[in-house]
Protein chains: 2
Amino acid sequence: MSFPSELSVGVIGGTGPQGRGLAARWANAGISVAIGSRDAERAAKVAAELGETVSGDTNGAVAAAAGLVVVSVPWTGHADTVRALAPHVAGKIVVDCVNPLGFDKRGPYPLRVDEGSAAEQAQALLPDATVVAAFHHVSAVLLADPEVESFELDVLVLGEVREAVGTVIDLVDAIPGMRGVYAGRLRNAGQVEALTANLIAINRRYKAHSGLRITDV
Amino acid sequence: MSFPSELSVGVIGGTGPQGRGLAARWANAGISVAIGSRDAERAAKVAAELGETVSGDTNGAVAAAAGLVVVSVPWTGHADTVRALAPHVAGKIVVDCVNPLGFDKRGPYPLRVDEGSAAEQAQALLPDATVVAAFHHVSAVLLADPEVESFELDVLVLGEVREAVGTVIDLVDAIPGMRGVYAGRLRNAGQVEALTANLIAINRRYKAHSGLRITDV
């Protein structure tokens, strides 16, 4: 399947490194993309850098206009940002990409989340939306590198609703080299988010931009 | 580096599907292996099935005689089994392979562990040993299948002591096709253990025996 052309994507936190990078890749794939920020001017400025077809506005305006909403914000602002989306996302798919990690001098480590994961927190705050978790392990550095034309990465996609998971898998597959793989229900999202700490540890030890591939699938 | 020939491996819980499978593969690789069980007779019987060079005894006797100890037991018995090893493992590497998972009609899910992970629980109970976490995602079905001669799997290896991590990476690399990859400190073991739930979800959806590969390493 390919991602439905009538579905526009709104990236909340789209001026951050991951959101911006994903938006650019989706725009390249011909998907209609808008990026949101708390600051509409900043969103418009970054959108203009990403390409003529990308628009920018406040997070709320972008969520209201989009057919599918992607949340790519730092963990610190996650609950507040997601809560503010509630009036705009009823009946829509919300893709949560957020990794609740702490950092100290020994490196990254997972933070305990009362709801179990960022994705489950989002679902609790957005009961009228369908939350799907994905894109946790995408390297912002590689996304931003124009010389990287294809990625060596399987994106784990988690959710409760099979059709919504399928749509997000199509959104993954729109980026060259990436492959979406269903990896369980939302209650199994916490460890996928936290695994980003391990990939960072691997990157530091091996001086790499590591990614995952799932074998035998 | 290759695994040091003078180091014998004792597999605690070696009559279970994962322990038995790992023991057989290590024996094939020329490593000196003993398997432990609560029941010495049962251990001896399974050891005889695995090959002439494999011996079996009680968990305590096997841990006392081994140079490196591998813990492969169900999560339910983990704390008690590990606590009983304390007199036998001072100064040794203890490899913890245990996944704290629950199962219900919706499938597997991670259990919260007070210490953060099975590996950290083992380290807390065995302060005189060096605990390394590894082998969480190895399929017992593939291990048991004599037609599987090589595995398509990167084994994530976690620990605090670089030399011990290196020795366990060599123990991984002794099994054809497996590759050991350092993936962080013990405080990042919980999500690696829990990720087994995702691999089980993947196996069910795609009718596969899935494994991980780490790209760019």
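The values are calculated or read from the model by the stated rules, or taken from the named source; none is laboratory data. Remember, it's a predicted structure, so these values are computed and weren't measured experimentally. Cβ sites come from the backbone with ideal geometry, for glycine too, and all protein chains shown count toward neighbours. The protein model used for the area step is the full one, side chains on, heavy atoms only, and it has no ligands, DNA or RNA in it. Shrake-Rupley method; radii C 1.70, N 1.55, O 1.52, S 1.80 Å.
Data for the structure
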{"quantity": "Magnitude of the charge dipole, the protein assembly as shown, Cβ model with Lys/Arg +1 and Asp/Glu -1, debye to 20", "calculated": "420 debye"}
{"quantity": "Reachable aspartates and glutamates, given that their alpha-carbon falls under 15 Å from the alpha-carbon of A:K45 and they are not under 8 places away in the same chain", "calculated": "A:D57"}
{"quantity": "Anisotropy class of the stretch A:40-152 from Cα gyration tensor, a/c 1.5 cut", "calculated": "oblate"}
{"quantity": "Value of relative contact order over the stretch A:51-157, rounded to a whole percent, pairs C-alpha under 8 Å and six or more apart", "calculated": "24 percent"}
{"quantity": "Eligible lysines near A:K105 by straight Cα distance, threshold 29 Å, same-chain separation 8 or greater", "calculated": "A:K207, B:K92"}
{"quantity": "From phi via Karplus (6.51, -1.76, 1.60), per-residue ³J(HN,Hα) for the stretch B:27-40 in Hz, x at Gly/Pro", "calculated": "4, 4, 7, x, 8, 6, 10, 10, 10, x, 8, 5, 10, 4"}
{"quantity": "Accessible area of A:R187 in the full protein assembly, 1.4 Å probe (Å², nearest 10)", "calculated": "50 Å²"}
{"quantity": "At 7 Å out from Cα toward Cβ: B:G67 inter-copy label distances (nm, ascending)", "calculated": "6.3"}
{"quantity": "For A:A144, net neighbour charge (Lys/Arg +1, Asp/Glu -1) across residues whose Cβ lies under 12 Å away", "calculated": "-1"}
{"quantity": "Helix-only [θ]222 nm of the protein assembly as shown, DSSP H runs n ≥ 4, -39500 (n - 2.57) each, per residue, nearest 500", "calculated": "-11000 deg cm²/dmol"}
{"quantity": "Mean separation of Cα contacts under 8 Å (6+ apart) over length of chain B, as relative contact order %", "calculated": "18 percent"}
{"quantity": "Choice from A:I35, A:I200, A:I12 with maximal GNM fluctuation in chain A (Cα, 10 Å cutoff)", "calculated": "A:I200"}
{"quantity": "3J(HN,Hα) from dihedral phi, the stretch A:114-127, Karplus parametrisation 6.51/-1.76/1.60, rounded to Hz, x for glycine, proline", "calculated": "4, 7, x, 6, 4, 5, 5, 4, 4, 5, 5, 7, 10, x"}
{"quantity": "Options B:N99, A:M178, B:P176, ranked by Cα towards positive dipole end of the protein assembly as shown, top entry (Cβ charges)", "calculated": "B:N99"}
{"quantity": "Rounded, prolate or oblate (a/c below 1.5 giving rounded, otherwise prolate when a/b exceeds b/c) for the protein assembly as shown by Cα gyration tensor", "calculated": "prolate"}
{"quantity": "Amide hydrogen neighbours beyond the local backbone of A:L153, cut-off 5 Å, H modeled", "calculated": "A:R179"}
{"quantity": "Label geometry 7 Å along the beta-carbon vector: A:A29 inter-copy distances in nm", "calculated": "3.8"}
{"quantity": "Exercise: per-residue mean of other protein chain Cβ atoms within 10 Å, B:177-185", "calculated": "5"}
{"quantity": "Selection from A:V155, A:T15, A:M1 lying farthest towards where the dipole of the protein assembly as shown points positive, charges on Cβ", "calculated": "A:T15"}
{"quantity": "Per-residue ³J(HN,Hα) for the stretch B:202-216, Karplus 6.51 cos²θ - 1.76 cosθ + 1.60, θ = phi - 60°, Hz, x for Gly and Pro", "calculated": "4, 4, 5, 5, 9, 6, 10, 10, 6, x, 9, 10, 9, 8, 6"}
{"quantity": "Other copies of B:R204: label-to-label distances in nm, shortest first, labels 7 Å along the beta-carbon direction", "calculated": "3.5"}
{"quantity": "Peptide B:104-112, shielding by other chains (average Cβ, 10 Å cutoff)", "calculated": "3"}
{"quantity": "Gyration tensor (alpha-carbon) shape descriptor, chain B, a/c threshold 1.5", "calculated": "rounded"}
{"quantity": "Electrostatic dipole magnitude of chain B [Cβ: Lys, Arg +1; Asp, Glu -1; Cα centre; debye, to 20]", "calculated": "660 debye"}
{"quantity": "Contact order normalised by residue count of the stretch B:134-176, Cα under 8 Å, 6+ apart, percent", "calculated": "44 percent"}
